[in-house]
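Each remark here refers to the structure printed beneath this line.
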Amino acid sequence: MPIELEELGLHYELHAVNVKKGEQKRDDFLALNRNGKVPVLTDTHRTFVLTELAAILVHLAELHGKLLSTEPFSRARTFEQLFVHASGLSPAFGQAGYFSEDGPC
C-alpha cells in the first residue's frame, strides 16, 4: 500500500502494528477493524475506514483517477492480478512466514 500512496503523491502516516505481539487484537485496533487484520485505511478524522488490501488499492486508484485503466480489458487484467495476489500469494506468504519462524515445527 505505501507504494501506491507514493505513486499517487499522497500525504499519509503509517502506524506500525506488531502482529507478533497481538497488537491487532487490542480494543483500539478492533474498533477500526473488528476482524483484527492489517492493513486499515482511515481518513484524517477516522470517519471513513476501509480494510482489506485489494479494496484499499482499488479505492485509492479510483478516488484519484490514476493507476487503474478505464479500458475494460486492461482493467480486468489488473483486477485478475490483484485477486491472484489477494487470494493466493498473500496467504501463502503469510503461512510460510508463520511456519518458518513461529510455527510448531
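No lab work stands behind these numbers, since they all come straight from the coordinates. Model, not experiment: these values are computed from the prediction. Using ideal geometry, Cβ is built from the backbone for each residue, glycine included, and neighbour counts are taken over all protein chains shown.
The table for this structure:
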read-out: Kirkwood-based Rg to Rh ratio, the range 1-71, C-alpha trace; value: 1.00
read-out: FRET efficiency, residue 44 to residue 101 (Cβ-Cβ, R0 30 Å, nearest 0.05); value: 0.25
read-out: Over the chain: helical MRE at 222 nm, DSSP H runs n ≥ 4 each giving -39500 (n - 2.57), nearest 500; value: -11500 deg cm²/dmol
read-out: Rough spin-label spacing in nm, given labels placed 7 Å along Cα→Cβ, for residue 20 and residue 34; value: 3.1
read-out: Where labels lie 7 Å past Cα in the beta-carbon direction, separation of residue 3 and residue 59 in nm; value: 2.1
read-out: Karplus-derived 3J(HN,Hα), 6.51/-1.76/1.60, for each residue of the range 29-36, Hz, glycine and proline x; value: 6, 4, 5, 8, 9, 5, 7, x
